[in-house]
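Everything on this sheet refers to the single structure shown next.
The values are calculated or read from the model by the stated rules, or taken from the named source; none is laboratory data. All values reported here derive from a predicted model rather than from experimental measurement. Heads up, the Cβs are rebuilt from the backbone with ideal geometry, glycines too, and the neighbour counts pull from every protein chain shown. Side chains included, ligands, DNA and RNA excluded: accessible areas come from the protein's heavy atoms. Shrake-Rupley method; radii C 1.70, N 1.55, O 1.52, S 1.80 Å.
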Amino acid sequence: MKGIIRTSLLFLKNGATIVGLITAVLFQVFFNIIWLSGYDRVNERMTELAVTIVNEDGVAAEPVAESLAAGLDFEIIPSESMEEARQLLTDREVYMIIEIPSGFMQQTGDLSKTVAVNYVMNESNVATVKSVMQNVAAQVTATLNREVQQNSIRGVLNQSGMPADQADGLALGLSSRVEAEVVRLNPVDNFSFSMVPMLIVTATFTGAMLLGMNLQKVSGELSGRAGKWERFWARNIVNLGAAFIVSLVGSGMMQIMGVSSADGWFMLWLFQLLITISFLFMAQLSLQLLGNAGAWLNSALLPLLMLSSGSTIPRDVMPEFYQFIGHYLPATYAVEGMMNLVLGGNGIGRDAMLLAVIGGVTLTLGALCTWIRRSGPARSEPRRENQPVAVPVALKATVSSSDH
């Protein structure tokens, strides 16, 4: 028992144990601060999600469209045509199209028929958006039923000579004639596919953190055998090789698990390769800036990347700080690109370009850190000729015995 206690104290006296304990504590601190502040009052900010209303019925349906826009607690972006609206939906600038079809008001006058309102939803989004937009569709349908009841059914019944109170009662019973017709753009039938963007961000950056910490340790051990520039470029060669292997395994596992891309597996792998490289360079930069303490900065970056990227909730409903900082972090473009590849969208050209830019900037900043340290006061190495010659133990023993 005493030996176990003594060994435990030796563990606690080791610097690596202390660093590990601090890191575990900081993970709790960072995740609580970033996630709880980022998700704070998200339900109240859901009204910042945008929808668009397309009136295909012209002037006759303008009062209905205006009433809808006024009654919805969401941002309304006007669209002149369904083509324009679909482009906004594909670009994720709006999250649903509400279409009042041509002939809508005329059809409401025929009490023997139901009328339809079209809703187009883009399921190439986080799962939260789908459930919110379904609730919006139900709310709009109820509102339209009320509008039809007030503007059409009651008028027709009154014109027929029916007393007002009877007309009101009958109108109330006929107030569910409006039906919802939902069109799913980029339908996602397997929930696990919608989790791929968050999976990529979490797994890739966590791996980049761990690899960066180990490369930092190896770089320190090689400081006496290789110059700083040699170690800098060697680290990046290892990073590129690791990115190739990691992305190959990741995209291969997705293929095995049934995740596919409309652009093919090869494009999926290339994009994940670009994501991995940008994450590795970012994790490495933290260590180059702060040394071993950079691991703590990376532990803060992990929840920040996961939140600000929009992999869990739409970026539109986040606090402004997280929306702002997300523009400068690679996870945002990793998530958008993966949504386009796996769930459907406009392609990955813009996202790939921005990932490459961020990777290039972080690599350049890492080189700048190396240059600054190199240009500082150099540590003088003891001259070899002044160092005492190491004598082998066996030879030392022989010399000692011959002196006697």
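Evaluated at q = 0.18 Å⁻¹, a Debye calculation over the C-alpha positions of segment 25-70 (equal weights, vacuum) places log10 I(q)/I(0) at -0.68. The calculated FRET efficiency for the pair ASN32 and ALA127, based on their C-beta separation and a Förster distance of 22 Å, comes to about 0.40. Give, as a single signed number, the net charge of other residues whose beta carbon lies under 11 Å from the beta carbon of GLU56, with Lys and Arg counted +1 and Asp and Glu -1. My count for the surroundings of GLU56 gives -3.
When the inverse distances between all different Cα atoms of segment 279-329 are averaged and flipped, the Kirkwood radius reads 11.6 angstrom. Multiplying the residue separation of LEU12 and ASN43 by 0.36 nm and subtracting their alpha-carbon distance yields 6.7 nm. Just to be sure I understand the curve: with the Debye formula and one point per C-alpha of segment 1-151, what is log10 I(q)/I(0) at q = 0.11, 0.13, 0.19 Å⁻¹? Result of the Debye calculation: -0.56, -0.69, -1.13.
For segment 81-130, the set of trypsin sites (Lys or Arg not before Pro) satisfying both a DSSP loop assignment and a count of at most 10 other C-beta atoms within 10 Å is given as LYS113.
Annotation: average projected area of segment 225-308 is 7.1 square nanometres, based on the convex hull of Cα atoms across all directions. Once the 1.4 Å probe is applied to the protein heavy atoms, segment 213-266 comes out at 64 Å² accessible per residue. Per-residue extension of 0.36 nm, minus the Cα-Cα distance of ILE4 and GLU56, leaves a gain of 10.8 nm for this segment.
The mean of 1/r over all distinct Cα pairs in segment 55-121, once inverted, gives the Kirkwood hydrodynamic radius of 12.8 Å. What a 1.4 Å probe finds exposed on segment 7-59 is 68% carbon and sulfur by accessible area, rounded to a whole percent.
Other residues within the sphere of radius under 15 Å centred on the Cβ of GLY344, judged by their own Cβ, net out at -2 (K and R +1, D and E -1).
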